[in-house]
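The values are calculated or read from the model by the stated rules, or taken from the named source; none is laboratory data. Here the structure is a predicted model, which is why all the values come from computation and not from measurement. Don't worry about glycine lacking a Cβ; one is built from the backbone with ideal geometry, like all the others, and counts go over all protein chains shown. Areas reflect the complete protein model, heavy atoms only, side chains present, ligands, DNA and RNA absent. Shrake-Rupley method; radii C 1.70, N 1.55, O 1.52, S 1.80 Å.
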Amino acid sequence: MSAKIISGKEVSAQVKERVKAEADIFTAKTGIVPGLAVIIVGEDPASQIYVRNKHKSCAEMGFKSFQYALPETTSESELLELIDKLNNDKDVHGILVQMPLPKGINENAVINAINPKKDVDAFHPENVGHIMIGDYSFLPGTPAGVMELLASENIDISGKKCVVIGRSNIVGKPMAMLLLHKHGTVTICHSRTKDLPSITREADILVAAIGKLGFVTADMVKEGAVVIDVGINRTPEGKVRGDVDYEAVAGKAGYITPVPGGVGPMTIAMLMQNTLTAAKLSIE
Ligand code: NAD
């Protein structure tokens, strides 16, 4: 068996087209151009690429994009001051602080400082609570992007065994919650899980969000399963690859997402959607 490849490149282009069309109508009606502020602190090379891509996507959407590149030495209070300013800036509808932050800055304090209505990453506890209940304005980009990928292939989640590897606040936990909202039977695995392969082999839908190159091998996957690879890792040669041993697993799975070109572009497309939502919320 050879898995069908779910192309995040294609699906993200469709999402962006949809968002742009909606945004054009919104702007024509209200005169408001959605604006996204992205703050980056320090010089992390991966973060710099992500921030550049977010800026590029804003330009494609016709959104305003405000970039704040702060030095590594920035203090927590300086960062909180900037967030406060952006919270009160009418042209800024979405605020995103690129993680990770340098040591010495408390990430939770930063997340808590963002106005929940401008929290386009959906990391603020208020938005996390809304997601838990299933009544939300924003979903975090990565898990929301995975749900779009599944929907693009009409993959039915109801009653399916879904296994998420990884329990981070930004991917694993919300991912599990979104699958649960769609009536999946969800198991979350993590670094302390015992006999992980026996659990992943049961999965109809397997989401890998670990951050370990080629961690999911073919013997961990059920024949015909849907395998979604969230991981972003570098090979020793410097190539970007996922958490899944792609070649081997593609020979066994029913569907698979590639890295690059899978979940990554979806995250940014969903961020664009959230920025438009935030602009709409600003006039409610
Ligand atoms: P994280 O480091 O916060 O969490 C990793 C999770 O993996 C942890 O919950 C841990 O328990 C689990 N884990 C670690 N070792 C394990 C093991 N041996 N067995 C089982 N579980 C194990 O990472 P994160 O922020 O959730 O990101 C995960 C991966 O997804 C990273 O590669 C990251 O770069 C990538 N990512 C991609 C996107 C995207 O847009 N595609 C977005 C966010 C994160």
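Whenever you get a sec, line up Ile32, Ile256, Ile232 from highest to lowest accessible area (probe 1.4 Å, protein heavy atoms).
From most accessible down to least: Ile232, Ile32, Ile256.
Relative to the compact globular guide of 2.2 N^0.38 Å, what is the alpha carbon radius of gyration of the stretch 152-284, as a ratio? Before the final figure, lay out each step's value.
Working: Rg = 15.5 Å, N = 133, 2.2 N^0.38 = 14.1 Å.
It is 1.10.
What's log10 of I(q)/I(0) for the chain at q = 0.07, 0.10, 0.15 Å⁻¹, Debye sum over Cα points only, no solvent?
Taking Cα atoms of the chain as identical point scatterers yields -0.26, -0.53, -1.16.
Calculate the all-directions average of the projected area of the stretch 1-125's alpha-carbon convex hull, and give it in nm².
Working: hull surface 39.2 nm².
Quarter of the Cα hull surface area: 9.8 nm².
With charges only on Cβ, +1 for K and R and -1 for D and E, what is the dipole size of the chain about its Cα centre, in debye, rounded to 20? Display every interim value, and only then the final one.
Working: 30 positive and 33 negative charges, 77 e Å.
Once rounded to the nearest 20, the dipole reads 360 debye.
Could you sort Phe215, Phe26, Phe123 by accessible area so the largest value comes first, with the probe set to 1.4 Å? Let's see the in-between values first.
Numbers: Phe215 75, Phe26 20, Phe123 45 Å².
Highest to lowest solvent-accessible surface, that is Phe215, Phe123, Phe26.
Given Tyr246, Ser282, Gly129, which one lies farthest toward the positive end of the charge dipole of the chain, if we put +1 on the Cβ of every Lys and Arg and -1 on the Cβ of every Asp and Glu?
Tyr246
Quick one: Cα centre-to-centre distance for the stretch 59-124 and the stretch 182-235, in angstrom?
Spelled out, the Cα-based centre of one part sits 32 Å from the other.
Once Rh is set to the Kirkwood radius over Cα pairs, what Stokes-Einstein translational diffusion coefficient, in µm²/s, holds for the stretch 70-222 at a temperature of 37 °C and a viscosity of 0.692 mPa s?
Working: Rh = 17.2 Å.
D, rounded to a whole number, is 191 µm²/s.
Taking only Cα atoms of the stretch 143-204, what ratio of Rg to Rh do you get with Rh as the Kirkwood inverse-distance radius? Kindly include the intermediate steps, with their values, before the conclusion.
Working: Rg = 11.4 Å, Rh = 11.8 Å.
When Rh is taken as the Kirkwood radius, the ratio is 0.96.
Taking only complete DSSP H runs, can you tell me which helices of the chain stretch 20 Å or more along their own long axis by Cα positions and average at least -1.0 on the Kyte-Doolittle scale? Please list the in-between numbers first.
On the way: long enough: 8-30 (32 Å, -0.57); 45-61 (24 Å, -0.81); 263-281 (27 Å, 0.85).
What comes out of the filter, once short or polar helices are dropped, is 8-30, 45-61, 263-281.
At a threshold of 8 angstrom on Cα-Cα distance, excluding pairs fewer than six apart, so keeping six or more, what relative contact order does the stretch 150-284 reach in percent? Don't skip to the answer; put the middle values down first.
Values: 248 pairs, mean separation 24.8, N = 135.
After rounding, I find 18 percent.
Could you sort Asp135, Asp91 by accessible area so the largest value comes first, with the probe set to 1.4 Å? Please list the in-between numbers first.
On the way: Asp135 100, Asp91 75 Å².
If we order Asp135, Asp91 from most to least accessible, we get Asp135, Asp91.
Divide by every residue of the chain the summed helix terms, -39500 (n - 2.57) for each DSSP H run of at least 4, and state the resulting mean residue ellipticity at 222 nm, rounded to the nearest 500 deg cm²/dmol. Write down the numbers at each step before the final one.
Numbers: 10 runs with 119 residues, N = 284.
Calculated mean residue ellipticity at 222 nm is -13000 deg cm²/dmol.
In the stretch 1-93, with Lys and Arg counted as +1 and Asp and Glu as -1 at Cβ, which of these residues, Pro71, Ala23, Gln48, has the Cα nearest the positive end of the dipole, that is, farthest along it?
In the stretch 1-93, that residue is Ala23.
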